[in-house]
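Engineer: Handing you a structure now.
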Amino acid sequence: MADDDLVARLRRGLEAKDPSATAQAFVSIDPVTPLPLPLLAATSNLLSLHRHNTAAYSAFERGLALADGPAALVKAGLNFNALLYACCREPSMLPSARTAWRVLGEAGVAPELPPLEKYIGSLLESQSYDDAFGVFLTAIDASLSPSLKTSAALVGCCAAEPRLAQMSFAVFST
């Protein structure tokens, strides 16, 4: 099938809010075929919300390669928080989650609590304790209050990594 037909299928899938049709069309399009940034953002958003995690990240990567900075992705409508949450659903996607988190910050997007907590959990599972505490501090700076479950997980990792004992006090005091 020609790429023009696949792009038309992608647009129809997005219009119908059909994640399966959208994912199938997107992964079938040749990666060098140029796609408009808003189309890539919409694809990433829909696929992020419907557990097509790898394809959602792939749409984001293609958009990032086209964008003139992360702010262009925001302007195109990319939902960074949905993408971050999608990347945290699979342990193998932690490097993708790290990239999404970094670009989210560069774009000046305010983090939302559910994806932020999911990201902290992913970092703790991979024993990236310093990064997890960094994200926790970002939450506090953004006036977000991580849940008791997330805070307890952060305090618990201090027992595994004694050098982080001071951080347990920071978590406890917030």
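Engineer: Considering the range 141-151 alone, what residues qualify as being open to solvent by 60 Å² or more (accessible area, probe 1.4 Å) and either outside the structural domain of Tyr119 (by the TED database) or assigned to a helix (DSSP H, G or I) (or both)?
Structural biologist: Those that are open to solvent by 60 Å² or more (accessible area, probe 1.4 Å) and either outside the structural domain of Tyr119 (by the TED database) or assigned to a helix (DSSP H, G or I) (or both): Asp141, Leu148, Lys149.
Engineer: Can you confirm whether the range 95-102 contains a residue that is in a helix (DSSP H, G or I), open to solvent by less than 20 Å² (accessible area, probe 1.4 Å) and within 16 Å of Thr150 (Cβ to Cβ)?
Structural biologist: Looking through the range 95-102, at least one residue is in a helix (DSSP H, G or I), open to solvent by less than 20 Å² (accessible area, probe 1.4 Å) and within 16 Å of Thr150 (Cβ to Cβ).
Engineer: Does Val74 meet the test of being open to solvent by 10 Å² or more (accessible area, probe 1.4 Å), more than 25 Å from Pro34 (Cα to Cα) and either in contact (Cβ under 8 Å) with a residue 12 or more places away in the chain or part of a loop (DSSP other than H, G, I, E, B) (or both)?
Structural biologist: no
Engineer: Here's a follow-up. Give the number of residues within the range 123-140 that are out of contact with any Pro (no Cβ under 7 Å at 6 or more places or on another chain) and either crowded, with 18+ Cβ neighbours inside 10 Å or among the basic types (Lys, Arg) (or both).
Structural biologist: Qualifying residue count for the region: 7.
Engineer: Only residues in the range 31-47 that are β-branched (Val, Ile, Thr) count as the first member; pair them with residues that are surrounded by fewer than 22 Cβ atoms within 10 Å (Cβ to Cβ) and not in a loop (DSSP other than H, G, I, E, B), Cβ under 7 angstrom, at least 6 apart or cross-chain, and list the lot.
Structural biologist: Thr33/Asp3; Thr43/Leu14
Engineer: If I ask for residues that are within 14 Å of Ala76 (Cβ to Cβ) and buried (at least 23 other Cβ atoms within 10 Å of the Cβ), which ones from the range 8-41 would you list?
Structural biologist: Leu40, Ala41
Engineer: All but one of (1) surrounded by fewer than 18 Cβ atoms within 10 Å (Cβ to Cβ); (2) assigned to a helix (DSSP H, G or I); (3) not basic (Lys, Arg) hold for Ala86, so report the exception by its number.
Structural biologist: (1)
A quick yes/no check of all residues on (1) of a type outside the set (Gly, Ala, Ser); (2) modelled with pLDDT of 95 or more; (3) under 26 Å from Leu47 (Cα atoms):
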residue: Ala71; (1), (2), (3): no, no, yes
residue: Leu78; (1), (2), (3): yes, yes, yes
residue: Cys87; (1), (2), (3): yes, yes, yes
residue: Arg102; (1), (2), (3): yes, yes, yes
residue: Glu112; (1), (2), (3): yes, yes, yes
residue: Ile120; (1), (2), (3): yes, yes, yes
residue: Tyr129; (1), (2), (3): yes, no, no
residue: Met167; (1), (2), (3): yes, no, no
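The values are calculated or read from the model by the stated rules, or taken from the named source; none is laboratory data. Since we're looking at a predicted model, the values are computed, not measured. Cβ sites come from the backbone with ideal geometry, for glycine too, and all protein chains shown count toward neighbours. Side chains are part of the model used for accessible areas, which takes the heavy atoms of the whole protein and leaves out ligands, DNA and RNA. Shrake-Rupley method; radii C 1.70, N 1.55, O 1.52, S 1.80 Å.
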